[in-house]
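These notes are about the structure you will find just below.
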């Protein structure tokens with residue numbers, strides 16, 4: 001999309017241009033302002049790809065606006081819009097840095113869209129071209145001129161007044177062809193008023209086809225504005241009339257051209273260095289993000305391993321000791337004939353049984369053995385049964401799992417998501433019913449937990465720092481390679497949906513630490 005600003009005080013012309021652009025360039029964003037003050041204000045805000053500038057505005061003219069943009073170092077390309085009889089103004093605007101000009105009273109105005117696209121593309125290409133090294137000391141300047149008198153006067157003037165220029169000459173058609181074919185190895189090019197075998201404009205066309213980035217100017221014996229405008233349109237950076245004092249103007253123009261070229265080279269070099277630095281920083285950030293994700297995954301796995309070890313210790317050691325204690329108390333109860341002692345032993349057995357139940361519940365809470373031994377479906381069925389028993393919230397369960405078991409990491413993630421989501425529902429939703437669905441489609445494993453409770457403000461909940469429930473859910477899902485969506489609002493319940501990508505065999509790829 002091209003974002004263009006057009007400074008035009010004639011509402012009829014402005015309306016025609018807007019209609020024309022809407023029809024032939026609907027992807028443009030065109031803004032029109034009626035005077036130079038508003039134009040400069042908008043340009044100061046930035047964001048425009050091109051400026052269409054009427055030559056004469058109520059409060060200023062296009063040349064003054066060009067000068068102000070140059071003072072601001074604004075590199076936005078400018079296309080001047082001229083009227084009948086404004087050729088001299090157009091030449092001055094092109095010399096001042098305008099990228100092109102178009103006469104709004106001629107049929108050329110119908111090519112405005114194409115002209116803007118070409119200018120904008122040339123500007124973008126110029127910003128992307130590789131920066132060449134600056135040439136210290138002397139600058140090589142190629143003069144294409146068939147007149148020996150003109151060549152001698154320029155050479156003599158350079159020797160006396162501009163020793164920084166090292167002049168080479170293409171005085172014949174063959175030398176000109178060889179020079180152009182060699183890729184125009186020069187810092188700048190002068191096309192004289194008598195180029196060998198052809199006209200200055202034709203020579204400019206040939207040069208520009210091979211050396212679009214080499215500063216080029218034309219010295220002409222013709223003073224008509226149409227020729228000057230044509231020269232600028234072909235790519236000339238300046239057009240100098242062959243007057244009595246033109247040699248001093250020629251040196252001045254060459255110095256300005258080379259200075260601008262050096263500035264552009266420096267800008268391109270700095271832009272390239274900045275782009276390289278940004279790419280390096282992005283690569284470092286990406287690498288560090290992957291490292292942090294891998295570390296978080298390792299921590300979660302370590303946490304699960306610790307929970308599994310604690311659960312095993314509770315089951316195998318503490319649970320067995322309590323079971324043995326119950327058997328011992330039972331034997332003692334049967335062996336004693338003392339009624340008070342038997343009653344005390346019975347009370348001790350009740351306490352041991354209660355403690356054993358707590359240990360078993362704690363074991364399942366840390367890490368349910370059924371998840372490791374039998375898989376996700378039995379583990380979820382067991383957990384929902386216990387959840388309903390403890391909270392009174394009925395939970396509908398819908399499962400559509402693959403025949404083969406999922407990777408253990410993924411089964412743990414899904415189990416923990418369901419566990420955390422239902423715990424949050426029990427604590428906050430005041431719901432009487434919930435649902436859990438774990439299903440498959442052709443590419444994803446989908447987990448959905450929903451309740452019809454009171455819901456909550458998601459943005460406020462995520463902004464809180466005293467609760468890690470939602471953040472923990474998101475982190476688990478992201479580390480497993482999935483994505484999570486939370487849909488809720490006050491009074492409308494809550495629905496949490498997580499999706500995990502499946503590989504061809506129906507399993508989800510495990511995430512390596």
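The values are calculated or read from the model by the stated rules, or taken from the named source; none is laboratory data. All of these numbers come straight from a predicted model, not from anything done at the bench. Cβ atoms come from the backbone with ideal geometry, glycine included; neighbour counts cover every protein chain shown.
The table that follows gives values for the structure above.
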quantity: Condition broken by residue 207, with the remaining ones in (1) under 23 Å from residue 164 (Cβ atoms); (2) assigned to a helix (DSSP H, G or I); (3) at pLDDT below 85 satisfied; calculated: (3)
quantity: Those residues of the stretch 482-500 which are farther than 14 Å from residue 458 by Cα, within 24 Å of the chain's Cα centre (by Cα) and surrounded by 16 or more Cβ atoms within 10 Å (Cβ to Cβ), in sequence order; calculated: 482
quantity: Unmet criterion (only one of (1) part of a helix (DSSP H, G or I); (2) modelled with pLDDT of 80 or more) for residue 270; calculated: (2)
quantity: Qualifying residues in the stretch 459-473 (those that are part of a helix (DSSP H, G or I) and surrounded by fewer than 16 Cβ atoms within 10 Å (Cβ to Cβ)) - the one modelled with the lowest pLDDT; calculated: 469
quantity: The one condition in (1) surrounded by 12 or more Cβ atoms within 10 Å (Cβ to Cβ); (2) farther than 30 Å from residue 477 by Cα; (3) at pLDDT below 80 that residue 230 fails to fulfil; calculated: (3)
quantity: Failed item, numbered, when residue 90 is tested on (1) closer than 26 Å to residue 227 by Cβ; (2) part of a strand (DSSP E or B); (3) touching a residue at least 60 places away in the same chain (Cβ under 8 Å); calculated: (2)
quantity: Filter result (touching a strand residue (DSSP E or B) at 6+ places or on another chain (Cβ under 8 Å) and in contact (Cβ under 8 Å) with a residue 24 or more places away in the chain) within the stretch 374-389; calculated: 376, 377, 380, 384, 387
quantity: Candidate set: the stretch 442-458, residues that are touching a strand residue (DSSP E or B) at 6+ places or on another chain (Cβ under 9 Å) and modelled with pLDDT under 85; chosen: the one farthest from residue 477 (Cα to Cα); calculated: 457
quantity: The listed residue being exposed (fewer than 13 other Cβ atoms within 10 Å of the Cβ) and within 18 Å of residue 499 (Cβ to Cβ), out of 409, 400; calculated: 400
quantity: Selected residue (criterion: nearest to residue 73 (Cα to Cα)) from residues of the stretch 15-45 that are part of a loop (DSSP other than H, G, I, E, B) and in contact with a helix residue (DSSP H, G or I) (Cβ under 6 Å, 6 or more places away or on another chain); calculated: 28
quantity: Residue tally, condition modelled with pLDDT of 80 or more, part of a loop (DSSP other than H, G, I, E, B) and either more than 25 Å from residue 2 (Cβ to Cβ) or out of contact with any strand residue (DSSP E or B) (no Cβ under 8 Å at 6 or more places or on another chain) (or both), over the stretch 66-87; calculated: 4
quantity: Filter result for the condition that a residue is more than 25 Å from residue 243 (Cβ to Cβ) and modelled with pLDDT of 85 or more, over 125, 173, 133; calculated: 173
quantity: Residues that are in a strand (DSSP E or B) and either on the phi > 0 side of the Ramachandran plot or surrounded by fewer than 18 Cβ atoms within 10 Å (Cβ to Cβ) (or both), drawn from the stretch 419-458; calculated: 433, 435, 437, 439, 440, 444, 446
